[in-house]
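Data first, discussion second: the structure below is written as structure tokens.
The values are calculated or read from the model by the stated rules, or taken from the named source; none is laboratory data. Being a predicted model, the structure only gives us computed values, none of them experimental. Cβ placement follows ideal geometry from the backbone for every residue including glycine, while neighbour counts extend to all protein chains displayed.
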Amino acid sequence: MSIARFLRLSAHLQILPVLESGEETLIGGQAVMEGVMMRAPHSYCVAVRRCDGEIVTDEQPVQRMSEKYPIFRLPILRGLGTLGQAMGLGAKALKFSANAALDDGKTPAKPAEVPAWMMTLNILFSLGVMIVLYKVIPLFLATRVGKAVPALSSLVATNLVDGAIRFVIFLAFLFLLSRMKDIRRVFEYHGAEHKVVFNYEAGEPVTVQNAQKFQTFHPRCGTNFLFVVMAMSFLLYPLLPIQGFLPRLLIRIALLPVIAGLSYELIRFAAKRQATLMGLLSKPGLWLQRITTQPPDDSQAAVAIHALEGAMKLEQKQGGELVIA
């Protein structure tokens, strides 16, 4: 694998959190390279359009984490289980789409696939980049600002500056990624996924024409979740009576699972109560989806519908009650 291809795959892994729906009880999905992964409670299907125009799929049953491990039925822990499984399935779907992108349907020999070790290395690399971007750099800059400006040197002020810098980095990173042709295509498929999910949830026949009538902004999107994670961090970190750069950095990393679990509970609650004050939690995330979702064309919507149909058919085979309206 070339360095350019490694970095291309890394860029796709970086945006996995903003693409995930992260909800195990509802229809949801994720955009991948030239395709969409749709998930039902006990099944998922990845549909990818190859460069020759053919749509290829990968369909597999999925057991809920709360069914497999009862401990993940508890608040906060259920969020960690669901999000962990969603990220795992997302990486698997991304690998399938990357392999499909290498297949033009014309070469008799089986095309080279992304090796497992390379995918693992890419995941670790992406995780390291996220820690540096959202933990190390904001805290380092906030600490330097505190030393340069005495009024911002207090524990609370430093943590607030840290949160503001982290959010600016997040917005800038998303914007820069959205300028890449590959990522913009993914954001278009992200919009297709949302439109098709809205179409299904509305109880209307799921067709390209019907799906295109819906908006691309969905309250269960991973973009909303990441915004809530940042908001929770912004409010929680100033309350931690910890001094020193390294101790602060370590506690931020250690608390990430707790903050993720709490954020999952909040966004799950808000998504079901859009008319209430808690529903306002999803508003900033919906605004950010103006970056992470783009209007899809009909062919992209068709791929998302293909993925939904595959997931639904497999769900029915396993005795699920969900059907396409």
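Key figures for this structure:
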read-out: Whichever residue in the stretch 190-228 is of a type in the set (Ser, Thr, Tyr) and part of a helix (DSSP H, G or I) and, among such residues, is farthest from LEU266 (Cα to Cα); value: TYR200
read-out: Subset tally (residues that are at pLDDT below 85, more than 17 Å from CYS221 (Cα to Cα) and touching a Lys or Arg at 6+ places or on another chain (Cβ under 8 Å)) for the stretch 77-102; value: 1
read-out: Among residues of the stretch 42-53, those that are crowded, with 20+ Cβ neighbours inside 10 Å and over 19 Å from ASP298 (Cα atoms), counted; value: 3
read-out: Matching residues in the stretch 54-67 - criterion: being at pLDDT 85 or above, of a type outside the set (A, V, I, L, M) and surrounded by fewer than 20 Cβ atoms within 10 Å (Cβ to Cβ); value: GLU54, THR57, GLU59, GLN60, PRO61
read-out: Tabulated pairs, the stretch 159-181, first among the hydrophobic types (A, V, I, L, M, F, W, C), second outside any helix (DSSP H, G or I), C-beta under 7 angstrom, 6+ apart or interchain; value: LEU177/ILE15
read-out: Qualifying positions in the stretch 229-245 - polar (S, T, N, Q) and in a loop (DSSP other than H, G, I, E, B); value: GLN243
read-out: Count of the stretch 174-187 residues which are in contact with a Ser or Thr (Cβ under 9 Å, 6 or more places away or on another chain), surrounded by fewer than 20 Cβ atoms within 10 Å (Cβ to Cβ) and modelled with pLDDT of 90 or more; value: 1
read-out: Failed condition for VAL197, given (1) within 15 Å of SER233 (Cα to Cα); (2) of a type in the set (A, V, I, L, M, F, W, C); (3) in contact with a strand residue (DSSP E or B) (Cβ under 7 Å, 6 or more places away or on another chain); value: (1)
